[in-house]
Amino acid sequence: MRFIIIFLIFSFYTLDLFGISYPIHAFKSYSDPTIESMEIIGQVTYKSHRMSESRQRLLDYDTREMILTARLYESESLRLGDTVYIIKKEPDHRKYKNGYIMGEAQIYSIFKTEFQGWMMKASGNLSMVKNGYFIARKSLGNIRNEAWVLYKEGETLEALNDEAGAFVKYRESLNKDPERPETYIRLAILGEKQERVIQAKEYIQKAWNLLSKFKDANDVLRLPGLYLKWNENEESVKSDKELLKHKLKLLSEIRYYKTKLEWFRESFDIEILSMLEKKGIPDRMFQYHFAKLMEDIYHILNNNNLNKVLTWLSKEERDILYEPIYMPYRDEKYSYPKTSWDEAFFDASLYHYQIAHELDMLNTLSAYNIVLLCHEKIRRRPPRIKKEGYQTLLSHYADEFLRVPSEASKMARVREIVNNLSQF
């Protein structure tokens with residue numbers, strides 16, 4: 001029965017997987033006999049300049065970056081960052097094999113539409129490109145397709161709880177196509193389950209380095225939580241100075257990641273885009289570990305003298321530390337470390353723990369950490385208004401934590417804090 005299921009799933013993917021491409025001979029000019037073996041994979045539907053850039057002219061020419069949109073015949077083995085070529089040729093690809101290269105571009109978006117199917121956007125030197133020209137890529141043979149089939153076999157085995165078999169298939173897929181970041185994520189998750197700790201961390205680092213190559217938008221959102229989880233504790237880091245430098249490096253990397261989410265905008269559905277704009281990345285693991293990162297920075301800053309901390313850091317690191325912290329779901333959307341550096345990171349930690357709890361209320365770690373943070377603040381006897389705010393938060397998240405069975409020691413700790421709250 002198991003093998004029948006695998007066969008049916010495999011058959012479904014192979015029927016829908018490879019799409020249509022047409023082999024052609026591409027020439028760079030009429031006078032140059034050199035040819036490139038390529039495959040036609042789509043057709044240009046629209047060409048424009050980037051509207052987000054200011055209109056610049058040089059010798060009366062518009063110098064803004066040009067972009068094109070194309071409908072794809074075949075999409076599965078494409079990925080962001082690939083170079084494509086724009087071809088002028090007769091439309092009958094079976095009869096007419098020769099075409100002329102009119103430009104080249106780099107893919108920065110691949111997405112699916114309801115009426116036109118798979119589409120792509122690419123940027124490059126497109127001054128000679130017209131609507132109706134064709135999109136081609138250099139012939140890759142079947143390597144990426146073979147890797148994709150192995151990847152899907154791995155997914156099938158994983159769904160059937162054959163984790164060892166799935167790990168082998170993912171490794172085989174990776175050997176054929178080492179630039180597919182989704183494969184590294186699957187290997188990292190399985191590696192952790194199989195206690196291959198060092199390997200799992202290496203796989204996540206490889207996926208992080210290949211951010212621009214992702215095609216699966218869900219894995220793009222899953223990546224930063226996994227990355228923070230595997231990098232938040234560095235064994236070689238001993239002192240507060242080294243720890244702060246490590247944490248600021250992680251913070252800088254996450255901020256860079258967030259700037260690159262625009263690449264995948266077309267791939268996110270409306271609900272995901274709404275969450276991204278209103279609250280942040282809709283992944284509990286990310287929100288939890290990012291909150292923990294903010295909390296770790298807060299504790300270091302709170303426990304060390306300002307002048308001493310500044311002598312630890314380079315100018316670049318101080319800039320990372322002082323950059324305003326964006327929290328879109330709050331009335332005041334920014335906290336400013338330059339004004340109150342420890343409080344800014346404390347507020348950010350609370351914010352992201354709250355979002356993490358909202359995304360998964362049955363996982364009570366975030367609620368527990370909010371209780372501990374608020375309790376610490378109340379013990380320091382803050383001004384009355386702030387104290388009342390912390391007490392309200394503490395009571396709410398204590399109730400949230402205690403309504404779900406958890407570790408006995410943590411539940412006892414929360415009950416103790418609630419019972420003694422009136423002493424402060």
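The values are calculated or read from the model by the stated rules, or taken from the named source; none is laboratory data. From a predicted model like this one, the values you see are computed outputs, not experimental measurements. Note that we place each Cβ from the backbone using ideal geometry, even for glycine, and neighbour counts take in every protein chain shown. Note: accessible area is taken over every heavy atom of the protein model, side chains too, but ligands, DNA and RNA are not part of it. Shrake-Rupley method; radii C 1.70, N 1.55, O 1.52, S 1.80 Å.
Averaging the sequence gap over all C-alpha pairs within less than 8 Å and six or more residues apart, then dividing by the number of residues, gives the range 151-204 a relative contact order of 26 percent. If you run the Gaussian network model on the chain, springs between alpha carbon atoms under 10 Å, then out of G42, G389, G280 the most flexible one is G389. Per residue, the average separation of C-alpha pairs within less than 8 Å and at least 6 apart gives the chain a relative contact order of 10 percent. Candidate cross-link partners of K28 among the aspartates and glutamates, defined by an alpha-carbon separation under 17 Å and a same-chain spacing of 8 or more, comprise E36, E39, E90, E104.
Applying 1/(1 + (r/R0)^6) with R0 = 25 Å to the Cβ-Cβ distance of E332 and T259, what FRET efficiency is obtained, to the nearest 0.05? In this case the efficiency is close to 0.65.
Averaged over its residues, the chain has an accessible area of 53 Å² per residue, based on protein heavy atoms and a 1.4 Å probe. Among the listed pairs K138/K260; K238/K386; K169/K247; K206/K245; K215/K315, those whose Cα-Cα separation exceeds 25 Å are K138/K260; K238/K386; K169/K247; K215/K315.
Principal-axis analysis of the Cα atoms of the chain puts helix 384-402 at an angle of about 70° to the longest axis.
For the range 150-207, give the percent of accessible area contributed by carbon and sulfur heavy atoms, probe 1.4 Å, rounded to a whole number. Could the numbers behind the result be given before it?
On the way: 1250 of 2590 Å².
Carbon and sulfur atoms account for 48 percent of the accessible area of the range 150-207.
Listed here are the pairs K213/K241; K47/K176; K249/K377; K121/K193; K112/K258; which of them are more than 29 Å apart at the Cα? Listed pairs above 29 Å: K213/K241; K47/K176; K121/K193.
Residues whose amide H lies under 5 Å from that of G103, counting only those 5 or more places away or on a different chain, are I86; hydrogens are built 1.01 Å from N in the peptide plane.
Look at (i) 72, 55, 41; (ii) 61, 54, 43; (iii) 87, 69, 42: the one that is Cα extents along the principal axes in Å derived from this structure is (iii).
For the chain, adding -39500 (n - 2.57) for each run of n ≥ 4 DSSP H residues and dividing by the number of residues yields -16500 deg cm²/dmol at 222 nm.
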